[in-house]
Structure formats: C-alpha cells, structure tokens
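Presented below is the structure to which this report refers.
Throughout, read-outs are computed from the coordinates displayed, never taken from laboratory work. Small disclaimer: the values here were computed from a predicted structure and weren't measured. Note: ideal-geometry Cβ built from the backbone for every residue, glycine included; neighbour counts use all protein chains shown.
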C-alpha cells in the first residue's frame, strides 16, 4: 500500500489533485485478492479519493475466487464490466454506480459524442450473457489449464505459471521462434499474434477439442524443427 500512498500528490497548488484510485480485476489473467482490494480502498478513503474498479473480466475473478460478482465489486464507488470478453455478447460494457453518478456519466458521454440508437438487440444479447454465461467461465479456466498442461511437454516453450489463474495462457517461444510459429499456425487456420510472448485466451467460442488441436499443432511445429 506504500506505493499508493506515495502516488498521492501533496496538497500543493503546483500539482494536480489526486482524485481517483482505479484498480483492475483480473489483470493479465491473474486475480487480485479481495483482501488487497480492501486494503487499497482503505488507503483511498484515508486520502478521500474516489474509487473505480475496472472489471472487464470481473466475472472471471468471481468464478476463480468462488464468490459473487458483488463481493468482488464491494466498496468501490463505480465498477465497469464487459459483456463481450468472457461472456460472449457481441459488444457491450456497463458502468455501474449510484443513480446520481450514472446520471452525470450519461451527461459526460453525451457531451463527448457517445451514444447509441436502436440498441435493444444488443441489450438483449447482454442480458442473455449475464443470465446464462457466467457459471460456464469455469470451462474457460479449465481449458486454459488443459492448454498449459499440453504445452508443458514442449521444451522450446516457457509457460508463465504465475498468470495461469483464469482463462489466459502466456507462452514464450524460445530461440526467437515466435514469428515462425505464428506463420505455421496461421497456415492451419489458428491465428496468434507473433512476438516474444504470446497470449492465448480461452473463451466461449473455444472448445476443448480446439484446445487439443492447437496444442497438437504447436507440438508438431517444434517436433519438426528438432
């Protein structure tokens, strides 16, 4: 918590006022412990800061921790959630807070040119996602573990086990093979971004069979290089 304390600007007209503490859960696939969130919120209250939770993948955190989404969001002044990432809606994010806060937020959105007409069909997709696709996030987490386990046999890959908590697998292709790997997978209809670190994300449209197919393709690539 010392880092938060040190980041708060002093009460000096030479500096902009520190007004907000923003946290994210999950972050890079890792779940932020609720105890840490509460400690951070206590520091924010000490400095009279507003608090916001970037909960784009809040539901993944809730499933991993075995708690309700409300428990993950507890204590924050505002929370944003994404309907499209893990939950499978085509688009959509929600800002959640008090009635007065949302009234002001809608005004700012309008002032900045934001808005959407005839969005009922998108709202329907979002409602369906919230009602049907939260519990199944556990399947995505299991598929990520499966992918990491299958790839652990490939000696030319390093897997970041610390980040393997929800639906993201971070792999580091050794010996600069990332670009060649991406090209080989692309030829088989498996698209990944080449780079020193490759992030692979399991979600609603990725089945267990897809995971096995991808893992086998990666194994074959390195087997043929040896």
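Is the shape of the stretch 2-132 best called rounded, prolate or oblate, per the rule: a/c under 1.5 gives rounded, else a/b larger than b/c gives prolate, else oblate, with a ≥ b ≥ c the square roots of the Cα gyration tensor eigenvalues? Oblate. All C-alpha pair distances within the stretch 150-200, sorted into 5 Å bins from zero, spread as 5, 21, 28, 29, 14, 4, 0 percent across the bins.
For the pair the stretch 1-37 / the stretch 144-159, the C-alpha centres are spaced 34 Å from each other. Evaluate the relative contact order of the stretch 1-128 (contact order divided by residue number), counting alpha-carbon pairs under 8 angstrom at least 6 apart; express in whole percent. It comes to 18 percent, rounded to a whole number.
Just so you know, the Cα atoms of the chain work out to an Rg and Dmax of 20.8, 64 Å.
Considering Cα pairs under 8 angstrom that are at least six residues apart, work out the relative contact order of the chain and quote it in whole percent.
Details: 316 pairs, mean separation 36.3, N = 226.
It comes to 16 percent, rounded to a whole number.
To the nearest 10 degrees, how steep is helix 99-111 against the longest Cα principal axis of the chain, on a 0 to 90 scale? For helix 99-111, the angle is close to 70 degrees. Give the angle, between 0 and 90 degrees and rounded to the nearest 10, that separates the Cα long axis of helix 208-225 from the longest principal axis of the Cα atoms of the chain. Taking Cα atoms only, the helix is inclined about 60 degrees.
Among 85, 110, which comes first, then next, by fewest other beta-carbon atoms within 10 Å?
Least to most surrounded, the residues fall as 110, 85.
For the chain, DSSP calls about 55 percent of its internal beta bridges antiparallel.
Gyration tensor analysis over the Cα atoms of the stretch 1-61 returns equivalent ellipsoid semi-axes of 25, 11, 9 Å (largest first, whole Å). Compared with the dominant Cα axis of the chain, that is its longest principal axis, helix 120-132 is turned about 70°.
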